1. If I take every Cα pair under 8 Å that is 6 or more residues apart in the range 441-499, average their sequence separation and divide by the length, what percent do I get for the relative contact order?
2. Going by the alpha-carbon gyration tensor, a ≥ b ≥ c the square roots of its eigenvalues, is the range 1-83 rounded (a/c under 1.5) or, if a/c is not under 1.5, prolate (a/b greater than b/c) versus oblate?
3. What nm value, rounded to one decimal, do you get for the distance between residue 417 and residue 258 when each label is placed 7 Å out toward the C-beta?
4. Mind ordering 364-371, 42-49 by average Cβ neighbours within 10 Å, highest first?
5. Compute the separation of the alpha-carbon centres of the range 103-135 and the range 361-437 and state it in Å as a whole number.
6. Put a dot 7 Å past each Cα toward the Cβ at residue 356 and residue 276; how far apart are the dots in nm?
7. Could I have the simple spin-label model distance between residue 51 and residue 268, label points 7 Å from Cα toward Cβ, reported in nm to one decimal?
8. Which residues does a label at residue 244 reach in the range 54-71, if reach means a backbone N under 17 Å from a point 7 Å past the Cα toward the Cβ?
Ligand SMILES: Cc1cc2nc3c(=O)[nH]c(=O)nc-3n(C[C@H](O)[C@H](O)[C@H](O)COP(=O)(O)OP(=O)(O)OC[C@H]3O[C@@H](n4cnc5c(N)ncnc54)[C@H](O)[C@@H]3O)c2cc1C
């Protein structure tokens, strides 16, 4: 019996999938004594790599394609590059057709445009035009939003509506992805591959058909700079690297832990009660990274949660599809007949095989939604060992097929194992029509791993939902499940929180920041991307907003390294000359720490010249309402700042504290004035403080 369960910890984290590991690593590095528990003997959850067919052939039974992982803030913060290697294939998506043509989408714009032009010059031109916008939207909106607590809808829309790019983003996100793709592209094969690309972001056709896509995942149809990567040696290596990080930071991992319930005493979460009768206590918090039903229904209990949360649970939707996986040990990597048209098809990370028309796609979709086995075979695949030779013995290969399937397809009286074998044959027959070398002779061994198997191992993947929550408009972005729970000291850091399922690290990364701030901890690393990346963009405002929110209520949590990072950006604001909201945002960096007069500003390496530069710029910017910001007076321990609605006008002026400025700096300043005034209550307006 593990001794790890015999003592008290600062925090307990449930579930040692990648979210549990990311969260645990951050908080252990921040100095907390953390216990991470899993019901299984192993860890990593959907990061699994197994020699499932024959010795030396490493198959990733769950996740394979990891989106943009090596560029995530947590991968960098946790120094994972020294433990884990990611491969970024040059060609990301490929689709071969029965007419001998193929379409390959790579990372290079000119090459990709030329490939599309071979099928449709018009579609190639459309792609080029949209690519320009999409790269910017991805870099400045989609990716930053993945790693920040979502803003409330009205606030987010207000921010986005300030810029042309934001307005275009909103316009496309408010449309059905399927419509967008169909409207923009004329060639059916082009439409099909783009739908495949969009759906792989976690939506499959179900969600590309949902009314809107608030996350903006349809943008992924058009960008090339971000994309899927492969974890060298197999997906489990990411789990290994994370576990090494967690243990090195002093964390404790306990496998095979059967939790009876989360202990709630005096209205607060104080530990976990185990099925063997033991209780392990947590002094500061309990966090769950498993599905929301196990967490709040089974482990907390309906009687402990408010009715609103119960209703949320009742309305929570899981995807209606699961994945039928066929894993192959091969002599040769699959080679397409269409290699004559484009040899790069053989090297694309993600293949869409079998769907030739939109009708095929809809037919399969309808059948799966109706709980039936689809008639038309169409699946995803990829040449894993060609891109990463360490996943197979020298000279040999692995590949896989993922077929969308109901968890319990209607197979009549047929025995499940024989149905699996039969369906595997159908997949191989279809494959051979596209890849002549995919004959029986080429297959060394095969292993079918379906929803029925993975829900047994990963009980959190309810109903076969690999994402632990559907990506529909009612559950993403500002509608996500939330990181804080109504029960004090109980947090949720799993896939139902923003940014949703898949290997993203998003929910756990954001939750780590929230828990750290709630506990008054200093995070182990600066969590802003390097200064100079994108100066005047939503990124800063959102990152800033997320980070500052805590300060509205409690100003103890000041992280100097973050303040300096913000200051690093401030100079860029001055150069670029952004709007007043941006300038206020930059000023937040100046005033976040209690200071005495201007002394602290000097210590930070910022003289008043820079500050004045900002101020004059604000006053001179004709596009704005002439809001002027200036140092006013020391208010308690904080630098007071006066604010006037119009340059040179005596009032109304606001004596705002730092919190007010944070709010002002992050949204449209003139609209926000009133709100901030209200929020700050008694010290809203102090006229006569003006004068530069
Ligand atoms: C077949 C398949 C293919 C996939 N392909 C991809 C892909 O290519 N790319 C991608 O990004 N994603 C993919 N996914 C999805 C991805 O694996 C998940 O979204 C991801 O693993 C979620 O991470 P997590 O940490 O939230 O949960 P998990 O990885 O599921 O980890 C949860 C952990 O909690 C443990 N647990 C569950 N219940 C309890 C309990 N009661 N007590 C204690 N511990 C518990 C589990 O044992 C598990 O270790 C795929 C999934 C499957 C099944």
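1. 22
2. Values: a/c = 2.70, a/b = 1.31, b/c = 2.07.
In terms of gyration-tensor shape, oblate.
3. 2.6
4. Values: 364-371: 16.6, 42-49: 23.5.
Per-residue mean Cβ counts within 10 Å order the peptides as 42-49, 364-371.
5. 29
6. Output for this residue pair reads 5.9 nm.
7. For the pair residue 51/residue 268, the computed spacing is 5.0 nm.
8. So the set is 70.
Every number in this text was worked out from the coordinates using simple rules, so none of it is lab data. Nothing here was measured: the structure is a model prediction, and the numbers come from that model. Cβ: placed from backbone, ideal geometry, glycine included. Neighbour counts: every protein chain shown.
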